[in-house]
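Colleague: Got a structure here, written out as structure tokens. Questions coming.
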Amino acid sequence: MTTPASVSTVDLAARFPGIVSADSRPGYSGWIINADKLIEVATAIRDEFGYDLLSSVTGVDYPADGKMEVVYHAFKTTGGSIFVFKVQMPRDDPVVSSLVPVWKGAELQEREAWDLLGIKFTNHPDLRRILMWEGFEGHPLRKDWKEPFYEEELKPFKSRWPDGKHTIAEAKNPFRDNVQFPVGFDPEKYTFEDPEQALYTSLRKYQSEDKDGIKTDHILVNMGPQHPSTHGVFRAVVMLDGEDIVSLKPVMGYLHRNHEKIGERNTFLQNMPYTDRLDYFNSMSNNFGYALAVEKLMGIQVAERADYIRVIMAELTRIQNHLIWAGMMLNDLGAMYTPALYAFEERELILDIFEATAGSRMMCNYFRFGGVARDMTEDALRKTRELVHDRLPGKVDEMDRLLTDNEVLVSRLKGMGYLSAEDAINTSMTGPMLRASGVPYDIRRADPYSVYDRFEFDVVSRPEGDMYARYLVRIEEMRQSLKILEQALKQIPAGPILSGKPQYQVKIQPGEAYGRVEAPKGELGYYIVSNGKPNPYRYHVRAPSFINLTSLEMLCVGEKIADFVAILGAVDIVLGELDR
Amino acid sequence: MDNNELNLPGYEIPDDMKNTVAITSLDRLYNWGRRSSVWPLMFGLACCAIEMIAAQASRYDLARFGMEVMRPTPRQADLMIVSGTVTKKMVPAIVRLYNQMPEPKYVMAMGACASSGGPFKEGYNVVAGIDKFLPVDIYVPGCPPTPQALMNGLIMLQKKIDKESISKVRWYRKGADTVEVPVPILGPDLIDVRRIPDIKSKVAELSNPPAQREA
């Protein structure tokens with residue numbers, strides 16, 4: 001099992017007396033830093049104590065104490081457990097200096113905290129709303145902000161059939177729709193401030209210049225939100241000089257489904273099916289991270305057989321994700337459909353196992369706190385063994401043989417979209433993106449969870465830092481996953497699949513926990529705060545797809561517009577997780 | 001080519017002329033042509049889009065229905081499969097895409113989210129069903145619907161097309177039957193342009209509650 005988050009060998013309070021104090025609230029851990037000294041202390045955390053990877057930045061609203069809190073989670077890329085530090089501010093004027101000068105990876109996450117909680121980060125290079133649009137009324141994750149279809153503070157709600165009469169949410173809203181408007185709002189006099197204007201002015205200023213007596217100018221290209229190659233409803237605004245990208249801004253929020261607000265109304269178990277819909281390719285990995293976080297809060301052990309089943313499911317998920325990624329990558333390069341169809345053929349076989357075990361192809365909702373929902377039948381195990389031993393290794397090799405030396409693929413990927421190891425760490429990249437930049441950081445090894453410490457496997461990494469390295473890392477990772485699967489299928493013990501009794505309502509002590517797994521796309525973390533009620537007080541998802549895009553501009557500037565699609569594809573994003 | 005479907009029932013065609021001659025009505029010919037080549041818009045919103053891709057792939061193979069030609073541009077598409085959660089931020093783009101599609105055009109709400117908001121209905125950025133803005137022809141239930149369910153929906157759409165008549169479909173009718181939907185505006189919240197007077201009166205009512213007016 002993982003070491004509890006509170007175990008930390010660093011004594012920050014002794015290093016910064018009077019500035020840093022230990023977080024002494026019951027169930028909490030980490031350090032509270034004076035807001036005005038944040039940059040100084042954060043630099044020391046990075047340079048003196050070696051916590052070089054800022055994993056997650058998020059805010060929590062405590063209206064009862066009149067405080068807003070920003071929570072930072074940092075790790076060492078050499079491995080080890082978590083380092084938590086926090087900043088507290090008065091709730092009516094939450095201002096803190098931005099950490100972007102120390103960790104560039106904080107950029108998008110701080111924008112999200114501004115958007116959803118209204119925390120102002122001074123010296124942030126581009127503090128705009130990120131998930132909602134510019135001009136939206138209010139900051140939704142504040143505890144006193146209520147959505148238009150607000151019914152009650154916490155689920156389970158009272159009967160929707162009072163006295164045998166059915167009611168719908170629309171009937172309770174004065175506008176009969178999922179909208180609300182501020183007092184005195186007049187839609188006819190509403191001056192339409194273009195929300196796009198702030199976006200366009202945020203692009204790097206570009207001076208047109210004379211080239212050989214010809215005056216050139218830049219072109220703005222909007223890609224998405226409806227574009228066949230943006231993997232969903234992602235949008236990028238690209239500034240071009242001829243064909244070269246000179247500046248780029250990702251625009252997101254087109255699939256912002258309010259997981260975190262809904263998650264704070266749900267009970268702990270009700271959130272499990274919602275996690276499925278984050279990264280909808282990998283519902284099992286999403287379940288995994290959430291279950292780990294809540295189990296940490298509950299302080300319970302997982303049944304051993306369930307732990308093995310979890311690993312089997314997570315690794316099968318990783319294989320199908322990487323297979324589809326390779327197929328889609330080739331789609332993005334112009335080899336329409338054929339490789340993707342090869343990948344989908346194998347994916348269907350893996351989904352069959354999910355369907356046989358969890359009951360659903362994609363949205364598995366399979367993990368429970370302390371175990372899994374249903375046992376894996378002998379039949380399903382036999383099918384998995386067949387797949388893992390006889391079919392998938394050959395298919396991975398086939399993909400490898402078809403693609404790896406393909407001239408088009410090599411010439412399009414080699415040397416493109418370069419990211420150095422320093423930049424990758426500084427921009428909080430995780431997963432295959434980080435490993436392809438020469439940092440062998442895999443949470444399964446660096447901070448082992450579940451039963452991953454019992455398996456033999458290599459952490460795949462490549463030093464090149466280009467797109468070809470990202471491709472090779474993923475192909476090799478499939479082989480390593482197969483290796484883990486072989487061992488897990490051999491070692492899986494008999495026994496119960498749940499450590500306690502199955503229950504709808506779990507008892508959870510007040511406190512906080514951060515559970516993380518190595519999802520196929522990177523570090524998937526869940527930050528959960530409980531106040532002892534049956535619902536999480538704060539439910540935050542650290543989404544790898546989202547944070548891996550921090551470096552998108554860095555990757556693209558200087559490349560051609562035609563390669564943008566491939567660079568974006570190589571990051572491997574899924575919009576459900578990106579926008580949450 | 002089997003033209004049994006094309007032939008009007010009741011007209012016996014000699015055996016040697018079967019599959020070369022058909023006696024049929026213009027409506028039937030027109031519908032037969034259209035139902036066999038419905039080109040969907042290549043447009044994925046969320047989780048359902050993955051099942052839509054799976055339906056295109058080898059195991060389910062939508063090509064059997066003449067529907068494999070996914071068009072990334074709305075100008076060449078007949079069917080909009082709204083495959084996922086419709087958010088307020090996205091809905092102006094969806095309405096624009098719909099307006100750009102040439103008639104005849106159909107809309108399928110795939111999955112719980114597109115039909116009603118689904119599990120995310122209570123979210124502040126979620127539109128509770130695309131039918132608040134676009135006329136939906138087929139609803140496919142499921143979260144996400146399996147490829148089988150999607151195919152069933154498409155077969156239902158074919159049946160619907162079979163029942164149409166050139167003289168009655170709304171896009172060939174004379175008069176001001178506009179199929180263009182006004183694009184909603186992103187203000188303090190999503191503003192449905194068609195409901196502006198309604199919103200105005202409701203806001204005024206809420207801003208000055210009756211109790212205050214009496215005092």
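The values are calculated or read from the model by the stated rules, or taken from the named source; none is laboratory data. Just so we're clear, the structure is a prediction, and the values are computed from it rather than from any experiment. Note: ideal-geometry Cβ built from the backbone for every residue, glycine included; neighbour counts use all protein chains shown.
Colleague: Exactly one condition in (1) in contact with a Phe, Trp or Tyr (Cβ under 8 Å, 6 or more places away or on another chain); (2) more than 18 Å from B:Gln148 (Cα to Cα) is not met by B:Phe43; state its number.
Modeller: Condition (1) is where B:Phe43 drops out.
Colleague: Now for a separate question. If you go through the stretch A:293-302 one residue at a time, do you hit one that is touching a residue at least 24 places away in the same chain (Cβ under 8 Å), under 30 Å from A:Phe157 (Cβ atoms) and within 18 Å of the chain's Cα centre (by Cα)?
Modeller: Let us first name the residues in the stretch A:293-302 that are touching a residue at least 24 places away in the same chain (Cβ under 8 Å), namely A:293-302.
Narrowing further to those that are under 30 Å from A:Phe157 (Cβ atoms): A:293-300.
Add one more test, that the residue is within 18 Å of the chain's Cα centre (by Cα), and what stays is A:293-294.
The answer is yes, given that some residue of the stretch A:293-302 is touching a residue at least 24 places away in the same chain (Cβ under 8 Å), under 30 Å from A:Phe157 (Cβ atoms) and within 18 Å of the chain's Cα centre (by Cα).
Colleague: Does any residue in the stretch A:181-196 that is at positive phi come within less than 8 Å, Cβ to Cβ, of a residue that is modelled with pLDDT of 75 or more and outside any loop (DSSP other than H, G, I, E, B) six or more places away or on a different chain, and which pairs are these?
Modeller: Once the first residue is at positive phi and sits in the stretch A:181-196, its partners that are modelled with pLDDT of 75 or more and outside any loop (DSSP other than H, G, I, E, B) give A:Gly184/B:Val203; A:Gly184/B:Ser207.
Colleague: Tally the residues that are over 9 Å from the mean Cα position of the chain (by Cα) and more than 12 Å from chain A (Cβ to nearest Cβ), restricting the search to the stretch B:132-143. Let's see the steps before the verdict.
Modeller: The initial filter retains those residues of the stretch B:132-143 that are over 9 Å from the mean Cα position of the chain (by Cα), namely B:132-133, B:140-143.
Still in the list and also more than 12 Å from chain A (Cβ to nearest Cβ): B:140-141.
Here the count works out to 2.
Colleague: Which number in (1) out of contact with any Ser or Thr (no Cβ under 7 Å at 6 or more places or on another chain); (2) within 14 Å of another protein chain (Cβ to nearest Cβ) marks the one condition that A:Lys155 misses?
Modeller: It fails just one condition, (1).
Colleague: Every residue in the stretch A:189-202 that is in a loop (DSSP other than H, G, I, E, B) and charged (D, E, K, R), please. Can you show your working first?
Modeller: Our first condition is that a residue be in a loop (DSSP other than H, G, I, E, B); within the stretch A:189-202, this holds for A:189-194.
Result: A:Lys189, A:Glu193, A:Asp194.
Colleague: Could you please find all residues in the stretch A:85-127 being charged (D, E, K, R), within 14 Å of chain B (Cβ to nearest Cβ) and more than 22 Å from A:Leu53 (Cβ to Cβ)? Spell out how you get there, then give the answer.
Modeller: Initially, the stretch A:85-127 is screened for residues charged (D, E, K, R), giving A:86, A:91-93, A:104, A:107, A:110-112, A:115, A:120, A:126.
Checking the rest, the ones that are also within 14 Å of chain B (Cβ to nearest Cβ) come to A:112, A:115.
Of everything in the stretch A:85-127, just one residue is charged (D, E, K, R), within 14 Å of chain B (Cβ to nearest Cβ) and more than 22 Å from A:Leu53 (Cβ to Cβ), namely A:Asp115.
Colleague: Taking the options B:Arg28, B:Arg75, B:Arg59, name whichever one is within 26 Å of A:Asp332 (Cβ to Cβ), more than 21 Å from the chain's Cα centre (by Cα) and not hydrophobic (A, V, I, L, M, F, W, C). Walk me through how you get there before you give the answer.
Modeller: Working: B:Arg28 fails: within 26 Å of A:Asp332 (Cβ to Cβ); B:Arg75 fails: more than 21 Å from the chain's Cα centre (by Cα).
The unique qualifying residue is B:Arg59.
Colleague: Within the stretch A:251-306, which helices (runs of 4 or more DSSP H) (wholly inside it) include 2 or more residues that are of a type in the set (Phe, Trp, Tyr) and touching a strand residue (DSSP E or B) at 6+ places or on another chain (Cβ under 6 Å)? Lay out the reasoning, then the answer.
Modeller: On the way: elements: A:259-265, A:271-276, A:283-298.
Correct list: A:283-298.
Colleague: Working carefully through the options B:Gly123, B:Gly129, B:Gly111, find the one that is surrounded by fewer than 24 Cβ atoms within 10 Å (Cβ to Cβ), within 11 Å of chain A (Cβ to nearest Cβ) and touching a Ser or Thr at 6+ places or on another chain (Cβ under 9 Å). Before you say what the answer is, go through the steps one by one.
Modeller: Details: B:Gly123 fails: surrounded by fewer than 24 Cβ atoms within 10 Å (Cβ to Cβ); B:Gly111 fails: surrounded by fewer than 24 Cβ atoms within 10 Å (Cβ to Cβ).
The unique qualifying residue is B:Gly129.
Colleague: Condition first: touching a Ser or Thr at 6+ places or on another chain (Cβ under 9 Å) and within 12 Å of chain A (Cβ to nearest Cβ). Can you find one or more residues in the stretch B:32-42 that meet it? Show your work before the answer.
Modeller: Our first condition is that a residue be touching a Ser or Thr at 6+ places or on another chain (Cβ under 9 Å); within the stretch B:32-42, this holds for B:32, B:41-42.
Those still in the list that are within 12 Å of chain A (Cβ to nearest Cβ) too: B:41-42.
Yes; the residues of the stretch B:32-42 include at least one that is touching a Ser or Thr at 6+ places or on another chain (Cβ under 9 Å) and within 12 Å of chain A (Cβ to nearest Cβ).
Colleague: Just give me the residues in the stretch A:62-78 being buried (at least 23 other Cβ atoms within 10 Å of the Cβ) and touching a residue at least 40 places away in the same chain (Cβ under 8 Å), in sequence order.
Modeller: Correct list: A:Met68, A:Val70, A:Val71, A:His73, A:Phe75.
Colleague: All but one of (1) among the hydroxyl-bearing types (Ser, Thr, Tyr); (2) closer than 25 Å to A:Leu255 by Cβ; (3) surrounded by fewer than 19 Cβ atoms within 10 Å (Cβ to Cβ) hold for A:Ser56; which doesn't?
Modeller: (3)
Colleague: Take A:Ala42 and tell me if it is of a type outside the set (Lys, Arg), in contact with a Phe, Trp or Tyr (Cβ under 9 Å, 6 or more places away or on another chain) and touching a residue at least 40 places away in the same chain (Cβ under 8 Å). Talk me through it step by step, then tell me what you get.
Modeller: Numbers: of a type outside the set (Lys, Arg): yes; in contact with a Phe, Trp or Tyr (Cβ under 9 Å, 6 or more places away or on another chain): yes; touching a residue at least 40 places away in the same chain (Cβ under 8 Å): yes.
Yes.
Colleague: Here are some residues: A:Ile484, A:Ile443. Which one is surrounded by 21 or more Cβ atoms within 10 Å (Cβ to Cβ), within 22 Å of A:Ser285 (Cβ to Cβ) and out of contact with any helix residue (DSSP H, G or I) (no Cβ under 8 Å at 6 or more places or on another chain)? So that I can check it myself, show each step before the final result.
Modeller: On the way: A:Ile484 fails: out of contact with any helix residue (DSSP H, G or I) (no Cβ under 8 Å at 6 or more places or on another chain).
It is A:Ile443.
Colleague: Do you know which residues across the stretch A:168-188 are exposed (fewer than 13 other Cβ atoms within 10 Å of the Cβ) and not in a loop (DSSP other than H, G, I, E, B)?
Modeller: If the condition is that a residue be exposed (fewer than 13 other Cβ atoms within 10 Å of the Cβ) and not in a loop (DSSP other than H, G, I, E, B), then A:Ala171, A:Lys172 are the ones that fit.
Colleague: Every residue in the stretch A:463-476 that is on the phi < 0 side of the Ramachandran plot and either within 23 Å of the chain's Cα centre (by Cα) or assigned to a helix (DSSP H, G or I) (or both), please.
Modeller: Step one: of the stretch A:463-476, the residues on the phi < 0 side of the Ramachandran plot are A:463-464, A:466-476.
A:Asp466, A:Met467, A:Tyr468, A:Ala469, A:Arg470, A:Tyr471, A:Leu472, A:Val473, A:Arg474, A:Ile475, A:Glu476 - these are the residues of the stretch A:463-476 that are on the phi < 0 side of the Ramachandran plot and either within 23 Å of the chain's Cα centre (by Cα) or assigned to a helix (DSSP H, G or I) (or both).
Colleague: Let me ask something else. For A:Tyr274, only one of the following conditions fails: (1) within 14 Å of another protein chain (Cβ to nearest Cβ); (2) within 19 Å of the chain's Cα centre (by Cα); (3) touching a residue at least 40 places away in the same chain (Cβ under 8 Å); (4) farther than 30 Å from A:Thr201 by Cα. What is its number?
Modeller: For A:Tyr274, the exception is condition (3).
Colleague: While we're here: Report, by residue number, each residue of the stretch A:129-151 that is under 20 Å from the mean Cα position of the chain (by Cα) and more than 9 Å from every other protein chain (Cβ to nearest Cβ). Write out each step before concluding.
Modeller: Pass one, the stretch A:129-151, residues under 20 Å from the mean Cα position of the chain (by Cα): A:129-132, A:140-141.
Within the stretch A:129-151, A:Arg129, A:Ile130, A:Leu141 meet the criteria.
Colleague: Related question: Considering only residues of the stretch B:170-182 that are surrounded by fewer than 16 Cβ atoms within 10 Å (Cβ to Cβ) and at pLDDT 80 or above, which is farthest from the other protein chains (Cβ to nearest Cβ)? Walk me through it before giving the result.
Modeller: First, pick out the residues of the stretch B:170-182 that are surrounded by fewer than 16 Cβ atoms within 10 Å (Cβ to Cβ): B:170-180, B:182.
Subsequent filtering for residues that are at pLDDT 80 or above retains B:180, B:182.
Values: B:Glu180: 18, B:Pro182: 13 Å.
Checking each candidate, the answer is B:Glu180.
Colleague: Moving on. From B:Asp61, B:Asp78, B:Asp16, grab the single residue that is loosely packed, with under 13 Cβ neighbours inside 10 Å and of a type in the set (Asp, Glu).
Modeller: B:Asp16
Let's see how each residue does on (1) hydrophobic (A, V, I, L, M, F, W, C); (2) at negative phi; (3) touching a strand residue (DSSP E or B) at 6+ places or on another chain (Cβ under 6 Å):
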site: A:Val20; (1), (2), (3): yes, yes, yes
site: A:Ile32; (1), (2), (3): yes, yes, yes
site: A:Lys37; (1), (2), (3): no, yes, no
site: A:Gly66; (1), (2), (3): no, no, no
site: A:Glu69; (1), (2), (3): no, yes, yes
site: A:Lys76; (1), (2), (3): no, yes, no
site: A:Val100; (1), (2), (3): yes, yes, no
site: A:Trp103; (1), (2), (3): yes, yes, yes
